[in-house]
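Student: Structure below; questions to follow.
The values are calculated or read from the model by the stated rules, or taken from the named source; none is laboratory data. Everything numeric in this text was worked out from a predicted model, so none of it was measured. Note that we place each Cβ from the backbone using ideal geometry, even for glycine, and neighbour counts take in every protein chain shown. Calculation scope for accessible area: heavy atoms of the full protein, side chains included, ligands and nucleic acids excluded. Shrake-Rupley method; radii C 1.70, N 1.55, O 1.52, S 1.80 Å.
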Amino acid sequence: MSPLESDPLSYQHLGFDDVRSWLANEAAGEKVQHQFEQLHPAEDRDKIIRQYARVAEIESIMELSSSFHVRHYEDLDEILKLLVLSGSTLFQEDVLALNNILEQSRILQKIYLDSVVADNSVWSDNFKQIESLPKLEKAIQQIIGPDGEVQDNASSTLASLRRKLRKSAGTVRSRMNDLVQQYAKQGYLNESQAGIKGGRLVLPVLSSYKHQVKGVIQDMSNTGTTTFIEPFEIIELNNQIKTFEIEEQQEVQRILRELSARLHPHHIKIQNNYEMLQVLDFHLALAKFGKTFACSIPEISEDGEFKLKSARNPRLALQRKVVPLDLHMDHDTTTLIITGPNAGGKTVALKTIGLLALMANAGVPVPAAKGSIIPFFDLIFADIGDQQSLINDLSTFSAHIGTIINILSEASSRSLVLLDELGTGTDPAEGGALARAILEELVNNKVKTVATTHLGDLKVFAHEAEHVMNGAMEFNQKGLKPTYKFQAGVPGSSYGFEISKRLGLAEKILTTARGYIGWARDSMEKLLRALELERVTLSDLKSDNSDLQRDLKLKQKRVDSALESVQKAERKADREAAKKAGQIISDARQTVEKVIRQIRESEAGKESIKAVHSTLDKVESKLEQVAEEAEEPLKLEKLNSDEIVKGLSVTVLSLDQIGVVLETVIKGKVLVEVEGKRLLVPVDWLGVGPQGKPTESQPATVVNVAARSGSTYTLDLRGYRAEAAIEELSHFIDQAVLSNLTMLQIIHGKGTGVIKNIVHEVLDKHPAVVSKRLGGMDEGGAGVTFVEMR
């Protein structure tokens, strides 16, 4: 059992009470609401994984079906206990509560039959267990109205009795109005209308005239001036109404008894539907919570790896925009020590880590980006806040030490320990020594630990010790304000003097304080500030360098494109020149033929004519060869693997484009950059190219070009498993890029939505993809995704 189960303050400090309350508000049924109010971390990792799998599919079903939800329903435990008993009679409101379950079960079964839930879904067996009872549902609706009352047409006897009741009530009102007018004219009444006393219609008679009105005295005013009398003739009519009302109630009971008898044989089916509705209600509440807070489902690690990506504390996210937390502790790192300025976000980061660990171990989606990893913890301990107790005569330090003693005795290598401001509340030297010893004990026991502190000794300890890492909350030294960004691997300064100066503390006092702090401590704080400033400067330079690299790459691409255009123009000019030469020689031939005719007519010798023909044939043949060579593609010599070196300009034969070798032969393939893209191509695809100097390329998209022909417009992934689908989709996109396709169609089917989610995740990350959309009603709907390429 988690110690947090017996320590409500820890839930309160970490904010898990709020999470439980939000989940309870999302639930439709009272029992599920109570279940969330008592929610605790699971004791079994497999249970968490199963719950997450169910929540993920619930989210997919919600996307596919707008009618998929659970309405409010009553707690049926007591009603079902009564229904099990043969001969029992249910009240109208009980029957109405059962009918609500029948209605919702019918809707849920229709969702399953409409194939919104795939046969291989983790929910498939649950939906198959739902049994709709339409005849029973219809019978209830014919008898019980929406207001919970038995309807007049439930039986002919009931209809007759209610007609009599309405008629008798009308007669009573009419006769009472007549009596009011009669006695009012005579001046006997204190008011000009009848009243009601004890559920009976009465006349407000002046006490001095009470003997003038025949009837039964039902009441008298406080002053005694008015006597309320029910006339005898009205008594007879009211008694008749009372008789009808008793008969009506007896008929209603008979109808309910018969209806209960019809419900009784189906009590097991109704019980199963009710339990299934609660299971769906629970997971739907988790999914709706996840949607509200933009949550994701983390991986639950066994080896202790802890990775949060863009994590947010949901309590703060509701109030303001928060700076997301990015943190990574690999399986070998057991302890993280967070330092930094006051009000810089250390405690918020600690609480965010603890809250998300609690949520994940309870199977609740966490407010963090996809790819987050949270370990399975058997116990979670938190020592946060001032635990001073006047009742138990405990100081802040004593309270903290008492909590830590309990932690050290119970924590294991599968536990998470959160310690806020470790080592405070006592002499700094002693506090630092105690804090270091406590952390060393936790490290030796391989307990996953996150601690915040201002103590310089612990910063040194984190730097020197194995399995321990420093972390700091960033501080803007120019504006003297915290940025609330977490920086891994570096210790942080407390910036006490800087913050005090910003708040207005006198410079004289600050100077005196600096003199007291000691040279070594002051030097270390200055070093930490200098390192932080250098880190920020390097980060800015890196960002500027990345921008410069992008600009250079774009310019290089423009130059390459222009060069290719020039080369194409040159080849075109060569072809045109060859054609022109051919035309010239053709014209020359005609001229020569004309000369030959003239020679023949002038009876020149045959040898002379033959010589002229031979010379002309040779010239024409040579020009035709030039023309053919200009029109045919240039046949380049292929390169051998031992001729390929880094930086060599080559021709990618399959693309007819010039590239530069980035990496030499790796398993029969070579990494070549062509027009800003990195291609991994077979050796026999490369031919000699114009020699160029080796270039140092910037990172670009890596495309794996397989030796297969063509590229298709449509890819069908139905029936593929996840890994195979990713591989096939990646290859398909690569081929599309090489073929300059601008629009793709990917068929993934509807099903559980797993393949669709994988496709969209790959597309979102691929730099060659401009946009994507699901198909329209006439295009395949949610089973097809259309992709626009760059």
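Student: When you scan the stretch 92-106, do you find a residue that is over 26 Å from the mean Cα position of the chain (by Cα), farther than 28 Å from Glu57 by Cβ and open to solvent by 90 Å² or more (accessible area, probe 1.4 Å), even just one?
Tutor: Checked the stretch 92-106: at least one residue is over 26 Å from the mean Cα position of the chain (by Cα), farther than 28 Å from Glu57 by Cβ and open to solvent by 90 Å² or more (accessible area, probe 1.4 Å).
Student: Ok, one more. Any residue at all in the stretch 63-81 that's touching a helix residue (DSSP H, G or I) at 6+ places or on another chain (Cβ under 9 Å), open to solvent by 80 Å² or more (accessible area, probe 1.4 Å) and in contact (Cβ under 8 Å) with a residue 60 or more places away in the chain?
Tutor: Yes: the stretch 63-81 contains one or more residues that are touching a helix residue (DSSP H, G or I) at 6+ places or on another chain (Cβ under 9 Å), open to solvent by 80 Å² or more (accessible area, probe 1.4 Å) and in contact (Cβ under 8 Å) with a residue 60 or more places away in the chain.
Student: Is the stretch 4-23 home to any residue that is acidic (Asp, Glu), open to solvent by 40 Å² or more (accessible area, probe 1.4 Å) and touching a His at 6+ places or on another chain (Cβ under 9 Å)?
Tutor: Yes, some residue in the stretch 4-23 is acidic (Asp, Glu), open to solvent by 40 Å² or more (accessible area, probe 1.4 Å) and touching a His at 6+ places or on another chain (Cβ under 9 Å).
Student: Where the second residue is of a type in the set (S, T, N, Q) and the first is free of Cβ contacts under 8 Å to residues at least 60 places away in the same chain and lies in the stretch 152-168, which pairs have Cβ atoms under 8 Å and are six or more apart or on separate chains?
Tutor: Matching pairs, first to second residue: Asn153/Gln142; Ala159/Asn153.
Student: Let me ask something else. Pick from Val205, Val172: which is hydrophobic (A, V, I, L, M, F, W, C), touching a strand residue (DSSP E or B) at 6+ places or on another chain (Cβ under 6 Å) and either surrounded by 15 or more Cβ atoms within 10 Å (Cβ to Cβ) or at pLDDT below 90 (or both)?
Tutor: So the residue among Val205, Val172 that is hydrophobic (A, V, I, L, M, F, W, C), touching a strand residue (DSSP E or B) at 6+ places or on another chain (Cβ under 6 Å) and either surrounded by 15 or more Cβ atoms within 10 Å (Cβ to Cβ) or at pLDDT below 90 (or both) is Val205.
Table: residues versus (1) open to solvent by 10 Å² or more (accessible area, probe 1.4 Å); (2) of a type outside the set (Asp, Glu); (3) within 30 Å of Trp22 (Cα to Cα); (4) without any contact (Cβ under 8 Å) to a residue 12 or more places away in the chain.
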site	(1), (2), (3), (4)
Thr243	yes, yes, no, yes
Ser260	no, yes, no, no
Asn273	no, yes, yes, no
Met276	yes, yes, yes, no
Val279	yes, yes, yes, no
Leu286	no, yes, yes, no
Lys291	yes, yes, yes, no
Ile297	yes, yes, yes, no
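Student: Right, here's the next one. So which of Thr347, Thr339 ends up being touching an Asp or Glu at 6+ places or on another chain (Cβ under 6 Å), hydroxyl-bearing (Ser, Thr, Tyr) and touching a residue at least 60 places away in the same chain (Cβ under 8 Å)? Lay out the reasoning, then the answer.
Tutor: Working: Thr339 fails: touching an Asp or Glu at 6+ places or on another chain (Cβ under 6 Å).
Residue meeting the stated conditions: Thr347.
Student: Kindly indicate whether any position in the stretch 99-112 is charged (D, E, K, R), closer than 30 Å to Val754 by Cβ and modelled with pLDDT under 90. Spell out how you get there, then give the answer.
Tutor: Initially, the stretch 99-112 is screened for residues charged (D, E, K, R), giving 103, 106, 110.
Retained after the next criterion (residues that are closer than 30 Å to Val754 by Cβ): 106, 110.
Now restrict to residues that are modelled with pLDDT under 90: 110.
Among the residues of the stretch 99-112, at least one is charged (D, E, K, R), closer than 30 Å to Val754 by Cβ and modelled with pLDDT under 90, which makes the answer yes.
Student: Out of curiosity, is Asn313 of a type in the set (S, T, N, Q) and either more than 23 Å from Ala472 (Cα to Cα) or open to solvent by less than 20 Å² (accessible area, probe 1.4 Å) (or both)?
Tutor: For Asn313, the condition - of a type in the set (S, T, N, Q) and either more than 23 Å from Ala472 (Cα to Cα) or open to solvent by less than 20 Å² (accessible area, probe 1.4 Å) (or both) - is met.
Student: Sticking with this one: Taking the stretch 299-311 as the search range and keeping residues that are touching a Phe, Trp or Tyr at 6+ places or on another chain (Cβ under 8 Å) and of a type outside the set (Ser, Thr, Tyr), which one is modelled with the lowest pLDDT?
Tutor: Glu302
Student: Looking at Glu37, Glu43, which one is open to solvent by 60 Å² or more (accessible area, probe 1.4 Å), over 21 Å from the mean Cα position of the chain (by Cα) and without any contact (Cβ under 8 Å) to a residue 60 or more places away in the chain?
Tutor: Glu37
Student: Mind listing whichever residues of the stretch 172-219 are under 29 Å from Phe244 (Cβ atoms) and basic (Lys, Arg)?
Tutor: Of everything in the stretch 172-219, those that are under 29 Å from Phe244 (Cβ atoms) and basic (Lys, Arg) turn out to be Arg173, Arg175, Lys197, Arg200, Lys214.
Student: Could you pull out the residue among Lys269, Lys210 that is in contact with a strand residue (DSSP E or B) (Cβ under 6 Å, 6 or more places away or on another chain), farther than 27 Å from Lys167 by Cα and basic (Lys, Arg)?
Tutor: After applying the criteria, what remains is Lys210.
Student: Within the stretch 259-298, which residues are farther than 16 Å from Glu57 by Cα and not in a helix (DSSP H, G or I)?
Tutor: Phe293, Ala294
Student: Name the single residue, out of those in the stretch 407-432 being hydroxyl-bearing (Ser, Thr, Tyr) and outside any loop (DSSP other than H, G, I, E, B), that is surrounded by the most Cβ atoms within 10 Å (Cβ to Cβ).
Tutor: So the residue we want is Ser415.
Student: Next question. Out of curiosity, is Ile229 surrounded by 14 or more Cβ atoms within 10 Å (Cβ to Cβ) and modelled with pLDDT of 95 or more?
Tutor: Judged against the criteria, Ile229 is not a match.
Student: Does any residue in the stretch 426-451 that is within 18 Å of Phe381 (Cα to Cα) come within less than 8 Å, Cβ to Cβ, of a residue that is in a helix (DSSP H, G or I) and charged (D, E, K, R) six or more places away or on a different chain, and which pairs are these?
Tutor: Note: pairs meeting the criteria are Ala435/Asp457.
Student: Moving on to the next point. Take the residues in the stretch 175-202 that are touching a residue at least 40 places away in the same chain (Cβ under 8 Å) and either in contact with a strand residue (DSSP E or B) (Cβ under 8 Å, 6 or more places away or on another chain) or open to solvent by less than 40 Å² (accessible area, probe 1.4 Å) (or both), then tell me which one is farthest from Gln250 (Cα to Cα).
Tutor: Checked the stretch 175-202; the qualifying residue farthest from Gln250 (Cα to Cα) is Leu179.
Student: Before we move on, is Gly423 over 24 Å from Phe377 (Cα atoms) and not polar (S, T, N, Q)? Outline the logic, then answer.
Tutor: Working: over 24 Å from Phe377 (Cα atoms): yes; not polar (S, T, N, Q): yes.
Yes; evaluated as a whole, the condition is true for this residue.
Student: Among the residues of the stretch 287-297, is there at least one that is within 29 Å of Gly385 (Cα to Cα), at pLDDT below 95 and basic (Lys, Arg)?
Tutor: Looking through the stretch 287-297, none of the residues is within 29 Å of Gly385 (Cα to Cα), at pLDDT below 95 and basic (Lys, Arg).
Student: Answer yes if at least one residue in the stretch 132-153 is touching a Ser or Thr at 6+ places or on another chain (Cβ under 7 Å) and small (Gly, Ala, Ser), and no otherwise.
Tutor: There is at least one residue in the stretch 132-153 that is touching a Ser or Thr at 6+ places or on another chain (Cβ under 7 Å) and small (Gly, Ala, Ser).
Student: From (1) without any contact (Cβ under 8 Å) to a residue 24 or more places away in the chain; (2) crowded, with 16+ Cβ neighbours inside 10 Å; (3) closer than 30 Å to Cys295 by Cβ; (4) not basic (Lys, Arg), pick out the condition that doesn't hold for Ser121.
Tutor: Ser121 satisfies all of (1) without any contact (Cβ under 8 Å) to a residue 24 or more places away in the chain; (2) crowded, with 16+ Cβ neighbours inside 10 Å; (3) closer than 30 Å to Cys295 by Cβ; (4) not basic (Lys, Arg) except (1).
Student: Go through (1) in a loop (DSSP other than H, G, I, E, B); (2) open to solvent by less than 20 Å² (accessible area, probe 1.4 Å); (3) within 30 Å of Ala287 (Cα to Cα) for Ile353 and report which single condition fails.
Tutor: For Ile353, the failing item is (1).
Student: Here is a list of conditions, (1) within 30 Å of Leu96 (Cα to Cα); (2) surrounded by fewer than 16 Cβ atoms within 10 Å (Cβ to Cβ); (3) more than 51 Å from the chain's Cα centre (by Cα), and Gly148 meets all of them except one; can you say which number that is?
Tutor: (3)
Student: Quick one: is Ala435 crowded, with 23+ Cβ neighbours inside 10 Å and part of a helix (DSSP H, G or I)? Talk me through it step by step, then tell me what you get.
Tutor: Numbers: crowded, with 23+ Cβ neighbours inside 10 Å: yes; part of a helix (DSSP H, G or I): yes.
Here the answer is yes, as Ala435 does meet what is asked.
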